[in-house]
């Protein structure tokens with residue numbers, strides 16, 4: 001079943017297709033440097049780190065002091081983790097599997 005959320009539209013489809021063409025971290029740096037401001041890119045990276053720390057049950061205080069994120073940002077990320085489209089969870093699971101040397105998390109490999 002495909003994503004059917006409120007963001008689904010042809011312009012976003014084109015953006016995500018473009019992102020899927022990126023093959024290396026250098027490709028990503030080049031593309032995101034052109035498409036985002038430095039502040040936007042830092043905010044995205046910060047939110048991902050906040051999500052990772054929330055999943056590791058770190059406190060708001062720890063997260064704020066380590067990442068520099070405001071409590072409002074931390075709360076927003078937590079709300080997405082609990083009630084969102086599961087995008088953070090999907091990415092964090094895949095990153096963890098990659099760090100463990102697995103191509104995909106076990107539950108995704110079982111579905112194939």
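The values are calculated or read from the model by the stated rules, or taken from the named source; none is laboratory data. Remember, it's a predicted structure, so these values are computed and weren't measured experimentally. Methodologically, a virtual Cβ is constructed for each residue, glycine included, from the backbone with ideal geometry; neighbour enumeration extends over all protein chains shown.
Data overview
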read-out	value
Qualifying positions in the stretch 59-71 - surrounded by 18 or more Cβ atoms within 10 Å (Cβ to Cβ) and either assigned to a helix (DSSP H, G or I) or in contact (Cβ under 8 Å) with a residue 60 or more places away in the chain (or both)	63, 67
Matching residues, the stretch 66-91, being under 13 Å from the mean Cα position of the chain (by Cα) and farther than 10 Å from residue 54 by Cβ	84, 85, 86, 87, 89, 90, 91
The stretch 29-38: number of residues that are closer than 26 Å to residue 96 by Cβ and surrounded by fewer than 10 Cβ atoms within 10 Å (Cβ to Cβ)	0
Every residue from the stretch 29-38 that is assigned to a helix (DSSP H, G or I) and out of contact with any helix residue (DSSP H, G or I) (no Cβ under 6 Å at 6 or more places or on another chain)	29, 30, 31, 33, 34, 35, 38
Some residue of the stretch 88-99 being exposed (fewer than 13 other Cβ atoms within 10 Å of the Cβ) and at pLDDT below 95	yes
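Here's the yes/no breakdown for (1) out of contact with any strand residue (DSSP E or B) (no Cβ under 9 Å at 6 or more places or on another chain); (2) surrounded by 12 or more Cβ atoms within 10 Å (Cβ to Cβ); (3) outside any helix (DSSP H, G or I); (4) modelled with pLDDT of 95 or more:
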position: 7; (1), (2), (3), (4): yes, no, yes, no
position: 18; (1), (2), (3), (4): yes, no, no, yes
position: 27; (1), (2), (3), (4): yes, yes, no, yes
position: 40; (1), (2), (3), (4): yes, no, no, yes
position: 43; (1), (2), (3), (4): yes, yes, no, yes
position: 57; (1), (2), (3), (4): yes, no, yes, yes
position: 73; (1), (2), (3), (4): yes, yes, no, yes
position: 76; (1), (2), (3), (4): yes, yes, no, yes
position: 79; (1), (2), (3), (4): yes, no, no, yes
